[in-house]
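Engineer: First the structure, then my questions, so here it is.
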Amino acid sequence: DSDGQEYCIADEQMPVEKLVAAMNWACGNGGDCRSIGENGPCYLPNTVGDHASYAFNSYYQKFKHMGGSCYFLAAAMLTSLDPSHGECKFEY
């Protein structure tokens with residue numbers, strides 16, 4: 001067990017349009033999405049699912065203590081598995 005760390009990631013079964021809409025919302029409402037920009041450490045792999053996971057987690061970690069959830073219109077889910085990879089670090 002990783003000390004109860006929880007990450008908010010994209011539900012890969014959701015349609016791409018739903019993930020994009022939810023990701024745009026997360027980025028526009030306080031999530032830090034600079035890392036998924038073209039030269040950011042989390043740009044690759046350049047998939048909607050990977051970028052959405054980063055955006056959802058950024059928003060969730062920032063606002064969970066103020067009532068923010070990992071829901072994003074059912075486009076996201078919580079996991080205890082760290083989705084970080086290479087230079088791309090997911091906060092918790």
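Engineer: Considering only residues of segment 69-78 that are surrounded by fewer than 16 Cβ atoms within 10 Å (Cβ to Cβ) and modelled with pLDDT of 95 or more, which is nearest to GLY4 (Cα to Cα)? Steps first, answer last, please.
Structural biologist: Filtering segment 69-78 down to residues surrounded by fewer than 16 Cβ atoms within 10 Å (Cβ to Cβ) leaves 69, 71, 73-74, 78.
Subset that is modelled with pLDDT of 95 or more: 69, 71, 74, 78.
On the way: SER69: 16, TYR71: 19, ALA74: 22, LEU78: 11 Å.
The selected residue is LEU78.
Engineer: Just one of (1) at pLDDT below 95; (2) surrounded by 16 or more Cβ atoms within 10 Å (Cβ to Cβ) trips up GLN5, so point out which.
Structural biologist: (2)
Engineer: Quick one: count up the residues across segment 44-68 that are open to solvent by 20 Å² or more (accessible area, probe 1.4 Å) and farther than 13 Å from PHE90 by Cα.
Structural biologist: 10
Engineer: Restricting attention to segment 30-43, does a residue exist that is touching a His at 6+ places or on another chain (Cβ under 8 Å) and part of a helix (DSSP H, G or I)?
Structural biologist: yes
Engineer: May I pose another question? Select, from SER69, SER80, SER53, the only residue that is free of Cβ contacts under 8 Å to residues at least 24 places away in the same chain and either of a type in the set (D, E, K, R) or out of contact with any helix residue (DSSP H, G or I) (no Cβ under 6 Å at 6 or more places or on another chain) (or both).
Structural biologist: Numbers: SER80 fails: free of Cβ contacts under 8 Å to residues at least 24 places away in the same chain; SER53 fails: free of Cβ contacts under 8 Å to residues at least 24 places away in the same chain.
SER69 is the lone residue from the list that is free of Cβ contacts under 8 Å to residues at least 24 places away in the same chain and either of a type in the set (D, E, K, R) or out of contact with any helix residue (DSSP H, G or I) (no Cβ under 6 Å at 6 or more places or on another chain) (or both).
Engineer: On the phi < 0 side of the Ramachandran plot, of a type in the set (Gly, Ala, Ser), in contact with a Cys (Cβ under 8 Å, 6 or more places away or on another chain) and modelled with pLDDT of 95 or more - does that describe any residue in segment 55-62?
Structural biologist: Initially, segment 55-62 is screened for residues on the phi < 0 side of the Ramachandran plot, giving 55-62.
Next, from what is left, pick out any that are of a type in the set (Gly, Ala, Ser): 55, 58.
With in contact with a Cys (Cβ under 8 Å, 6 or more places away or on another chain) added as a condition, the list becomes 55, 58.
Then keep just the ones that are modelled with pLDDT of 95 or more; that gives 55, 58.
Yes; the residues of segment 55-62 include at least one that is on the phi < 0 side of the Ramachandran plot, of a type in the set (Gly, Ala, Ser), in contact with a Cys (Cβ under 8 Å, 6 or more places away or on another chain) and modelled with pLDDT of 95 or more.
Engineer: Looking only at segment 44-68, which residues are assigned to a loop (DSSP other than H, G, I, E, B) and either of a type in the set (Asp, Glu) or under 19 Å from GLY4 (Cβ atoms) (or both)?
Structural biologist: Taking segment 44-68 as the starting set, the residues that turn out to be assigned to a loop (DSSP other than H, G, I, E, B) are 44-47, 67-68.
Residues satisfying the conditions are GLY67, GLY68.
The values are calculated or read from the model by the stated rules, or taken from the named source; none is laboratory data. Please read these numbers as outputs of a predicted model, since none were measured by experiment. Note that we place each Cβ from the backbone using ideal geometry, even for glycine, and neighbour counts take in every protein chain shown. The protein model used for the area step is the full one, side chains on, heavy atoms only, and it has no ligands, DNA or RNA in it. Shrake-Rupley method; radii C 1.70, N 1.55, O 1.52, S 1.80 Å.
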